[in-house]
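Student: There's a structure below that I have some questions on.
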Amino acid sequence: MISITEWQKIGVGTTGFGIFFILLGILLYFDSVLLAFGNLLFLTGLLFIIGLRRTFSFFFQRHKLKGTSFFLGGVVIVLLRWPLLGMFLETYGFFSLFKGFFPVVFGFLGNASNIPYLSTLFQRLQGTRSMV
């Protein structure tokens, strides 16, 4: 059984609040303060969940440097109060960083859902690409 430390529990909460503030900032017409606060909470929560060393080793792998630069550059642009441009850069960086995880997520959602049309859609989106 996997044991979750107190720091990881705090990280899950912090990441959840970060996602909430990012979504609220988007809903309120790209409010730069809410987006910046959400970005800081999201990154802090990620540090708490997987640790400092693993976070840096994930973001600064050689084949992920382009996605990392766009994602972190977008965070900096949002902090400099250019929220629309920053969120576009962050979105591109996010998809570039996590593109290896999407087939796994779609495969899980396709197997987990019992909704007829939704499960076939997720199975099509899953494809045959693997994470490795």
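The values are calculated or read from the model by the stated rules, or taken from the named source; none is laboratory data. The model shown is predicted, which means the values in this text are computed figures rather than measured ones. All Cβ positions, glycine included, derive from the backbone under ideal geometry; neighbour counts span all protein chains shown. Just so you know, the surface numbers come from the protein's heavy atoms only, side chains and all, with ligands and any DNA or RNA stripped out. Shrake-Rupley method; radii C 1.70, N 1.55, O 1.52, S 1.80 Å.
Student: Restricting to the range 77-95, give me the number of residues that are in contact (Cβ under 8 Å) with a residue 24 or more places away in the chain and open to solvent by less than 70 Å² (accessible area, probe 1.4 Å).
Tutor: 6
This table checks each residue for (1) touching a helix residue (DSSP H, G or I) at 6+ places or on another chain (Cβ under 6 Å); (2) at pLDDT below 95.
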| residue | (1), (2) |
| --- | --- |
| S69 | no, no |
| R81 | yes, yes |
| L85 | yes, no |
| G110 | yes, yes |
| I115 | no, yes |
| L118 | no, yes |
| F122 | yes, yes |
| G127 | yes, yes |
| V132 | no, yes |
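Student: Mind checking whether some residue in the range 49-58 is closer than 23 Å to V33 by Cβ and touching a residue at least 24 places away in the same chain (Cβ under 8 Å)?
Tutor: No, the range 49-58 contains no residue that is closer than 23 Å to V33 by Cβ and touching a residue at least 24 places away in the same chain (Cβ under 8 Å).
Student: A follow-up question, please. State the number of residues belonging to the range 8-30 that are touching a residue at least 40 places away in the same chain (Cβ under 8 Å), more than 11 Å from L46 (Cα to Cα) and open to solvent by 50 Å² or more (accessible area, probe 1.4 Å).
Tutor: 2
Student: Here's something else I'd like to know. If I ask for residues that are open to solvent by 70 Å² or more (accessible area, probe 1.4 Å) and outside any helix (DSSP H, G or I), which ones from the range 31-76 would you list?
Tutor: F60
Student: Output yes when any residue across the range 96-108 is exposed (fewer than 13 other Cβ atoms within 10 Å of the Cβ) and assigned to a helix (DSSP H, G or I), and no when none is.
Tutor: yes
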